[in-house]
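**Student:** First the structure, which I've put down as structure tokens, then a few questions once you've had a look.
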Amino acid sequence: MQLRHTIFLCLLFLSVSAHAFELIMIQAVSDTRKTFITRNGKRQGVQPGMTGTFTAEDVSILAKAINVSGNFTQWQIVNADAMLPFEKGTIVTYYPATEYIWALSPETERKKYIKTMIPVARRSWVFKGGLTRGLSESVSDAPANTSKRGGFTGEIYFEKDIPNGGGLAFDIGVRYEREVINYSGASLVTKRSLLIGDVLYYFDSFRDFLSGGKFFLGAGLGYGMSNTSTVGLEQSGPVSLLPTVKAGVTLPFNETWEFLTDAAFESLNTREEQEDGRVQTTTQTNFKFGFGLRRFF
């Protein structure tokens, strides 16, 4: 008798579980990524106002049915700050929850849900090129003279989000720069190698406008070596970059790669020693336009 009761309870549990969890496809996603449509409606027991959990691979969300027809339902994410992590055509597991997700789902699903609410600190490599243009300069032990400065840069950075930083990130990297300085009657070439670090802030409020991209602001410092040469002259010494301020945007290709571009104003201070032992100090302000690729890992 007890064995029959046990078998009956097991069959009842399996029956309820089979009807509780359902594989469905995301039929459409709104431009705001706050609502989506699934192919299950009143005929499948969905009623307006019901809530449900939707799980796929490593993420889960809690959503509320706002429009229900016979075979289709429009759902709205319960958390107003969340963005839909699924794309059109994604197969998800649906559970008709009426309580908080962690009260109905296994512990692993609860952790996945929390993961979607608190973004993971991401890491990336940034590969950038840039063009520079001199705006002003001051050279010690040299008569006032108008010059035209311009060059190019190549940069590699390691960047990481600051955990729980609310959009803050930092990077550290290296830069190589080649600049040509043209005076009336003379032309010089300056080469710089610098170690650079920045603090960045990304604005999530522009994600919808930029199709998932972000607008950012940054400020940084740098230090390295400079070498200036021309016919019959060569001098070298330390160079400081302080400060640099930048603004830019990122535009994702997919989850791994994104394009980025920025514009910056930079102040450079160079102390180069000449062949006769004298030190020449140059202070200059440059405008820099950069562009490149970021790879997350």
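What follows is calculated from the coordinates using simple rules that are stated; it is not laboratory data. As the structure is a computational prediction, the values presented were derived from the model and not from experiment. Here the Cβ positions follow ideal geometry from the backbone for every residue, glycine too, while neighbour counts run over all protein chains shown.
**Student:** With θ taken as phi - 60° and the coefficients 6.51, -1.76 and 1.60, list the Karplus ³J(HN,Hα) couplings across region 239-251 in order, rounded to whole Hz; mark glycine and proline as x.
**Tutor:** Once rounded to whole Hz, the list reads 9, 10, 10, 7, x, 10, 10, 9, 9, x, 9, 10, 10.
**Student:** Across region 69-82, in residue order, what do the Karplus-derived ³J(HN,Hα) couplings come to in whole Hz, using 6.51 cos²θ - 1.76 cosθ + 1.60 with θ = phi - 60° and x for Gly and Pro?
**Tutor:** 10, x, 10, 10, 9, 9, 10, 10, 4, 5, 7, 5, 8, 8
**Student:** Next question. Report the full-extension gain for the segment Arg39 to Tyr176: residue separation times 0.36 nm, less the Cα-Cα distance, to one decimal in nm.
**Tutor:** This chain segment gains 43.8 nm when fully extended.
**Student:** Another one. Suppose R0 equals 41 Å; then what is the FRET efficiency for Ser187 and Trp257 from their Cβ-Cβ distance, rounded to the nearest 0.05?
**Tutor:** Taking R0 as 41 Å, the efficiency between Ser187 and Trp257 is 0.55.
**Student:** Can you list the residues, at least 5 places off or on another chain, whose amide H is less than 5 Å from the amide H of Val46, using H built in the peptide plane?
**Tutor:** Counting only residues 5 or more places away or on other chains, the set is Gly41.
**Student:** A further question on this structure: Roughly what would the spin-label model give for Lys160 and Ala121, points 7 Å off Cα along C-beta, in nm?
**Tutor:** 0.6
**Student:** Right, another one. Distance cut-off 26 Å, Cα to Cα: go down the list Lys160/Lys191; Lys191/Lys214; Lys34/Lys246; Lys64/Lys160; Lys160/Lys214 and report the pairs above it.
**Tutor:** Lys160/Lys191; Lys191/Lys214; Lys34/Lys246; Lys64/Lys160
**Student:** Moving to a separate point now. Could you compute the net charge surrounding Gly222? Neighbours are other residues with a C-beta less than 13 Å from the C-beta of Gly222; K and R count +1, D and E count -1.
**Tutor:** -1
**Student:** Could I ask something else about it? First select every other residue whose beta carbon is under 12 angstrom from the beta carbon of Ser193; then total the charges, Lys and Arg +1, Asp and Glu -1.
**Tutor:** +2
**Student:** Turning to a different aspect of this structure: Report the gain in length on full extension from Ala80 to Ser140: 0.36 nm times residue separation, minus Cα-Cα distance, nm rounded to one decimal.
**Tutor:** Extra length available between Ala80 and Ser140 comes to 15.8 nm.
**Student:** A further question on this structure: Residues with beta-carbon under 14 Å from that of Val279, excluding Val279: net charge, scoring Lys, Arg +1 and Asp, Glu -1?
**Tutor:** Here the count lands on -3.
**Student:** Any idea how far apart Met50 and Phe265 come out in nm if each label point goes 7 Å out from Cα toward Cβ?
**Tutor:** Between Met50 and Phe265, the simple spin-label model gives 5.9 nm.
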